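The structure under discussion appears below in the form of structure tokens.
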Amino acid sequence: MNPTLLVEAVALVALGLACAWLYQRCQRLQSQLRERMLSFAELKTERHLALITEQSRQQALLDAMVEGVLVLDEKGTVEHANPAVQRQFTLGQNFLGRPLLEVIRDPALGQALEQIDRSGRLEEFVLTTPGENPRTFQVNAVSLRDADRLRTGSLLVFHDLTDRQRLEEMRRDFVANVSHELRTPLSLIKGSAETLLAGAKDDPEATTRFLNIIDKHADRLTFLIEDLLTVSKLESGRAMLNPQPTELRRVAEEALEALQPKARERNITFVNEIPVALQVHVDGDRLQQVYSNLADNAIKYGRIGGKVVVGARSLHEDIVEAWVADDGQGIPPEARDRVFERFFRADKARSRDLGGTGLGLSIVKHLVQAHGGEVRVESELGRGTTFYFTVPRVNEGN
């Protein structure tokens, strides 16, 4: 064989082997590249899913918060607002991407944003919204920064203090009212006792008069304390009811019978128009207290020589509506929405002269609500007042 041809043949074989090796090598590299690309895609997908999960978790946390949360960008425009802050400020629609002061038009917020810009934080800033029904918020805020410490926006948290302030105001009013109610009878008792000690006891007529004053106002203190304890139990839910099938007419009759002496003093006649067979599912003693307070109120403010009427009717198979009506001077319109408040009196001077504690109608409201019912008042000046309340009815089939 020609040596040249032999060399060329060997060279071709070597080249073929080299090409085969390179082809296999390329295949392996392509396979490894595909595996790495798949691994990278899987890792990217996992990270993306983890990011989505974390964002969903954060969104759920913000949505579940009672406090309102606003996220602003570095220009002060709204990037996010959770449902609580949307309810607090009635944001409506299309608030995202708008400046905060356009979304919540309150100059005090401008001061808050300036403080965040200066110090990077805002702590216990109190914001009171204007309008007929103002609300008070404690605002806390902090600047948001990136890894390079550059400011990227702000996070504001709004804690609604309105209900807390209202409760605190009610507590202060309650303490002030109780103090006032206690002061008057205590002053009269003390004054009468001091007068007796100073020598009036030698005058039998004066002694009797001052002892009657002491006795009257000691009773008033007793009634006030009992009513306060009753209101406290009812408002705290500690008053236990024992509801049973009860004849409504009989309960009202017993309450009116106990008040006959007071009614005779003002020549007032009781009229019981409650159907005899009407059965209700109530605590009889508590319902008698409701009738006693309403009838006593009707005697005090009814017309001398007039009448107090009690009645009832079935609204439907489960509810009975009852009422106590007088024919007195009525309640002014501005006072009708407040008559069930503790210590509220439409005619303060007359109420105290008649010995009221100012808690009777509040007790009525709580007792009726404890039975699952509602209470309301209708009144017309010069024509009288009617108090309505509902209680559960006993069905005939039960």
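Evaluate E = 1/(1 + (r/R0)^6) for Asn177 and Lys216, where r is the Cβ-Cβ distance and R0 equals 30 Å; express this FRET efficiency to the nearest 0.05. Provide the component values of the computation, followed by the final result.
Details: r = 21 Å, r/R0 = 0.69.
FRET efficiency, Asn177 to Lys216: 0.90.
Considering only protein heavy atoms and a probe of 1.4 Å, how much of the accessible area of region 136-209 is carbon and sulfur, as a whole percent?
56
With a point put 7 Å past each Cα toward its Cβ, work out how far Glu265 is from Glu74 in nm, to one decimal.
8.0
So what is Rg over Rh here for region 90-196, counting just Cα atoms and using Kirkwood for Rh?
1.33
Rounded to the nearest 0.05, what FRET efficiency do Leu144 and Met170 have when you use their Cβ-Cβ distance and R0 = 45 Å? Can you show the working numbers first?
On the way: r = 39 Å, r/R0 = 0.87.
Working from the Cβ atoms, E equals 0.70.
Which of the residue pairs Lys216/Lys365; Lys233/Lys262; Lys300/Lys365; Lys190/Lys233 have a Cα-Cα distance greater than 24 Å in the structure shown? Write out the running numbers ahead of the final one.
On the way: Lys216/Lys365 27 Å; Lys233/Lys262 28 Å; Lys300/Lys365 19 Å; Lys190/Lys233 30 Å.
From the list (Lys216/Lys365; Lys233/Lys262; Lys300/Lys365; Lys190/Lys233), the Cα-Cα distance tops 24 Å for Lys216/Lys365; Lys233/Lys262; Lys190/Lys233.
Please get the size of the charge dipole for region 302-345, origin at its Cα centre, with Cβ charges of +1 on Lys and Arg and -1 on Asp and Glu, quoted in debye to the nearest 20. Walk me through the numbers on the way to the answer.
On the way: 7 positive and 8 negative charges, 62 e Å.
With only Lys, Arg, Asp and Glu charged at Cβ, the dipole is about 300 debye.
What distance in nm lies between label points placed 7 Å from Cα along the C-beta direction at Thr90 and Val66?
The answer from the label model is 2.3 nm.
Rounded to the nearest 20 debye, what is the charge dipole size of region 248-315 about its Cα centre when +1 sits on each Lys and Arg Cβ and -1 on each Asp and Glu Cβ? List each step's numbers first, then the result.
Working: 10 positive and 8 negative charges, 62 e Å.
The calculated dipole for region 248-315 is roughly 300 debye.
Answer with one residue from Pro134, Ser119, Ser179: the one whose Cα lies farthest towards the positive end of the charge dipole of region 88-217, charges on Cβ with Lys, Arg +1 and Asp, Glu -1.
Ser119
Quick one: putting +1 on the C-beta of Lys and Arg, -1 on the C-beta of Asp and Glu, what dipole do you get for region 118-157 around its Cα centre, in Debye to the nearest 20?
Details: 6 positive and 5 negative charges, 34 e Å.
Here region 118-157 has a charge dipole of around 160 debye.
Treat each spin label as a single point 7 Å out from the Cα along the C-beta direction, and report the Ser119 to Glu273 distance in nm.
Placing both labels 7 Å along Cα→Cβ, they lie 6.7 nm apart.
The values are calculated or read from the model by the stated rules, or taken from the named source; none is laboratory data. From a predicted model like this one, the values you see are computed outputs, not experimental measurements. Positions of Cβ are backbone-derived with ideal geometry, glycine not excepted, and every protein chain shown enters the neighbour counts. What goes into the accessible areas is simple: the full protein's heavy atoms, side chains included, and nothing from ligands, DNA or RNA. Shrake-Rupley method; radii C 1.70, N 1.55, O 1.52, S 1.80 Å.
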